[in-house]
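The values are calculated or read from the model by the stated rules, or taken from the named source; none is laboratory data. Predicted, not measured: the structure shown is a model, and the values here were computed from it. With ideal geometry, Cβ positions are generated from the backbone for all residues, glycine too; neighbour counts draw on all protein chains shown.
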């Protein structure tokens, strides 16, 4: 018996990195998993590699494509009761050089898209009387990171959204938590050496992040929590 037997999970941004590790762990725990990436071919390949039920490509900055993904997933595998908002972009730009286009796209992908998925899928969770929302955040959303103003602002907003939902949705059987992710991924490798030095500062594995994601999704006692990949609390509880 897996910890997610009978659950249907959508993991955005799950063709590589932490998202892929989460999708793989959920498959191992018995979930019916929908893999998502920007390109349809990549999503289909990752789903096949992981033994997931379905792979669907979507542009996170497009409401039409987000809606289309949700409808296609539900038509293929049934109502989604586990949502992991993992997809993100992290442009590195000094604040005076951040363009309106970069700012808008970063907030669209990292904050607005998670809101869109939640708005689309929560009605089904309410009908079922159970749901688990996991929003993947970053320490940048708590304390900021030099050169990543748009990313930090978006993650800070995602934190606030998550804590609000953790108060609004429990009466419908829906919990909301945050994974404060960290691993030696392509995104982390953008950081300057003083902030990301894997030779001297060992980063958690993607598998450690996935293990904490699983705990946040299945542990019914957790709501309004922000945990790091080792399971430690990154922010005060709700």
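Take segment 159-183 and flag every residue that is outside any strand (DSSP E or B), closer than 19 Å to residue 80 by Cβ and under 17 Å from the mean Cα position of the chain (by Cα).
Within segment 159-183, 161, 162, 165, 166 meet the criteria.
Would you check if residue 19 is at positive phi and modelled with pLDDT of 95 or more?
For residue 19, the condition - at positive phi and modelled with pLDDT of 95 or more - is not met.
For segment 118-140, enumerate the residues that are modelled with pLDDT under 95 and out of contact with any strand residue (DSSP E or B) (no Cβ under 8 Å at 6 or more places or on another chain).
Result: no residue meets the conditions.
Can you confirm whether segment 188-199 contains a residue that is within 17 Å of the chain's Cα centre (by Cα), at pLDDT below 95 and closer than 30 Å to residue 98 by Cβ?
Yes: segment 188-199 contains one or more residues that are within 17 Å of the chain's Cα centre (by Cα), at pLDDT below 95 and closer than 30 Å to residue 98 by Cβ.
Take segment 137-157 and flag every residue that is within 19 Å of residue 117 (Cα to Cα) and surrounded by fewer than 23 Cβ atoms within 10 Å (Cβ to Cβ).
156, 157
Of the numbered conditions (1) part of a loop (DSSP other than H, G, I, E, B); (2) crowded, with 17+ Cβ neighbours inside 10 Å; (3) on the phi < 0 side of the Ramachandran plot; (4) at pLDDT 95 or above, residue 224 fails exactly one; give the number of that condition.
All conditions pass for residue 224, except number (3).
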